[in-house]
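Structure first, then comments.
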Amino acid sequence: MNDVYIIGSYSTQFKKWRDKSIKDLTKMAYIGVLEDSRIDANDIGSAAFSNCGWGHTLQPVGDDPGMRGQMNVRGQVALAPLVIEGIFPKRVPIVNVEGACASGSLAFHCACREILSGNSEVSIAIGAEKTVYPNHLLQVVDMFTGGTDTARLNDLFNSYQTLGKETGKEWATDAKHTLFMDIYASLAAWHMKKHGTTQQQIAIAASKNHLHGSMNELAQYQFEVPVEKVLSDYVVSWPLTRAMCAPLGDGSAAAILCSGKYLKKLPDSIKRRAVRVLACVPASGYEHEIGGESVTGWAAERAYRLAGIKPSAIDVAEVHDATAFAEIHQVEQLGFCPVGEGGKFIESGATRYDGKKPVNTSGGLESKGHPIGATGLSQVSEIVMQIRGEAGKRQIKNTRIGLVENGGGFIGFEEACCVITILGNK
């Protein structure tokens with residue numbers, strides 16, 4: 001099989017891009033990643049496009065134009081203007097990818113497979129999303145509900161109501177926020193009861209990520225939030241406060257991948273910045289008792305095996321922390337600390353940019369932002385910058401190997417899908 005390298009990586013700032021459409025954001029990411037790669041666009045042989053919410057139609061309200069839903073062929077439609085402009089090659093096959101919050105990493109996986117199979121020497125993964133529609137909040141909240149089995153919502157609710165009897169946290173959804181905030185809150189409450197994790201430790205994780213975000217010019221929130229202010233912020237769903245949760249935002253991100261054979265033909269200036277894909281492993285969740293092996297743990301174990309490394313070899317990681325509790329859960333499942341000790345691990349300062357196992361140096365989803373279809377590719381972009389030594393104030397010294405964990409949707413008590421990607425400079 002071919003070796004796979006990232007030669008271009010890019011993310012827009014995540015924010016409320018009210019004056020930008022999906023097509024606009026797609027163009028921004030495409031131009032940015034092409035400039036970063038420094039290659040001829042005509043060499044691109046395939047593309048994967050990730051998006052989740054463009055299929056929804058939102059009616060105009062006042063000066064808000066709403067959105068006309070694009071249910072199908074989203075990648076073809078988003079990239080069509082670039083073909084017309086002559087900056088994206090004609091006839092390139094485009095695969096449309098949707099995997100809830102893991103969509104961006106699944107698109108990246110598709111691009112990897114194109115290179116591994118020999119179908120393409122160069123492939124691009126690009127994701128774009130808009131979630132900020134102030135006059136359509138209920139529709140946006142409903143959009144997120146599609147990340148689980150909508151025909152079995154009552155079964156899901158019953159499972160979490162039963163869990164609530166064990167933890168003392170009443171299960172109650174709220175139209176003011178997404179279903180997943182309630183799910184994360186319930187899982188956090190279980191972890192607190194089972195392992196003694198505290199709300200203070202969750203707040204420390206959030207505060208740390210806001211610190212990292214304050215050093216990231218691409219982050220949606222670029223300010224620090226002390227632990228005490230995290231705890232005193234508006235309660236979204238106990239034990240989670242607003243500062244512990246990812247905000248709604250818009251943005252796009254992309255990566256250009258190539259084979260080792262293609263890389264050899266490129267100038268040394270490009271070769272020096274190339275980052276090797278050591279493993280990219282997707283996995284699917286299923287319904288089982290809470291506390292068992294997670295989809296993250298299963299995928300991570302396989303990814304470590306493919307990369308020929310152990311968790312201790314990871315110098316920096318980006319994990320899917322739609323809430324700060326998720327970071328506590330994921331560092332356990334990735335083998336950075338024993339199960340049940342994630343709260344203590346984060347409280348120790350280990351996951352700070354100056355700690356022994358830096359996590360979410362971008363600011364994580366709470367600070368960097370979380371435009372669903374672009375999130376996984378933005379995580380890749382952060383790790384690429386760290387390995388290249390281009391992360392500025394938040395740069396980790398001597399970074400050789402980085403990991404991305406990107407989860408999406410929920411099946412029972414775990415993510416519906418998860419992708420573990422390991423990148424290195426060797």
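The values are calculated or read from the model by the stated rules, or taken from the named source; none is laboratory data. Everything numeric here is computed off the predicted structure, so don't read it as measured data. Using ideal geometry, Cβ is built from the backbone for each residue, glycine included, and neighbour counts are taken over all protein chains shown.
One residue is enough: does the stretch 197-206 have a residue meeting the conditions surrounded by fewer than 22 Cβ atoms within 10 Å (Cβ to Cβ), assigned by TED's automatic domain parsing to the domain that holds Glu390, in a strand (DSSP E or B) and in contact (Cβ under 8 Å) with a residue 24 or more places away in the chain? Checked against the condition, which is being surrounded by fewer than 22 Cβ atoms within 10 Å (Cβ to Cβ), assigned by TED's automatic domain parsing to the domain that holds Glu390, in a strand (DSSP E or B) and in contact (Cβ under 8 Å) with a residue 24 or more places away in the chain, the stretch 197-206 yields no hits at all.
Going through Ala188, Ala219 one at a time, which residue ends up being among the small types (Gly, Ala, Ser), outside any strand (DSSP E or B) and within 14 Å of Gly342 (Cβ to Cβ)?
Being among the small types (Gly, Ala, Ser), outside any strand (DSSP E or B) and within 14 Å of Gly342 (Cβ to Cβ) holds for just one of Ala188, Ala219, which is Ala188.
Applying the condition of being closer than 23 Å to Phe180 by Cα and among the aromatic types (Phe, Trp, Tyr) to the stretch 222-240 and asking which residue is surrounded by the most Cβ atoms within 10 Å (Cβ to Cβ) yields Trp238. Going residue by residue through the stretch 345-355, is there one that turns out to be over 13 Å from the mean Cα position of the chain (by Cα) and within 19 Å of Tyr184 (Cα to Cα)? Yes, the conditions are met somewhere in the stretch 345-355. Condition first: more than 20 Å from Ser105 (Cβ to Cβ), touching a Leu at 6+ places or on another chain (Cβ under 9 Å) and either buried (at least 20 other Cβ atoms within 10 Å of the Cβ) or polar (S, T, N, Q) (or both). Now tell me which residues in the stretch 18-35 satisfy that. The one that is more than 20 Å from Ser105 (Cβ to Cβ), touching a Leu at 6+ places or on another chain (Cβ under 9 Å) and either buried (at least 20 other Cβ atoms within 10 Å of the Cβ) or polar (S, T, N, Q) (or both): Lys27. Quick check: is even one residue across the stretch 378-401 within 13 Å of the chain's Cα centre (by Cα), in a helix (DSSP H, G or I) and closer than 25 Å to Gly55 by Cα? Checked the stretch 378-401: at least one residue is within 13 Å of the chain's Cα centre (by Cα), in a helix (DSSP H, G or I) and closer than 25 Å to Gly55 by Cα.
Within the stretch 44-70, the set of residues being out of contact with any His (no Cβ under 9 Å at 6 or more places or on another chain) and either surrounded by fewer than 16 Cβ atoms within 10 Å (Cβ to Cβ) or among the basic types (Lys, Arg) (or both) comprises Gly55, Thr57, Pro60, Gly62, Asp63, Pro65, Arg68. When the stretch 142-164 is filtered for residues that are crowded, with 19+ Cβ neighbours inside 10 Å and at pLDDT below 85, the ones remaining, listed by number, are Met143, Phe144. The set of residues in the stretch 293-341 that are touching a strand residue (DSSP E or B) at 6+ places or on another chain (Cβ under 6 Å) and in a helix (DSSP H, G or I) comprises Val295, Thr296, Trp298, Ala299, Ala300, Arg302, Ala303, Leu306, Ala307, Ala313, Glu327, Gln330. When the stretch 240-266 is filtered for residues that are assigned to a loop (DSSP other than H, G, I, E, B) and free of Cβ contacts under 8 Å to residues at least 60 places away in the same chain, only Lys265 remains. Filtered by the rule that a residue be without any contact (Cβ under 8 Å) to a residue 24 or more places away in the chain, assigned to a loop (DSSP other than H, G, I, E, B) and among the aliphatic types (A, V, I, L, M), the stretch 28-87 gives Met71, Val73.
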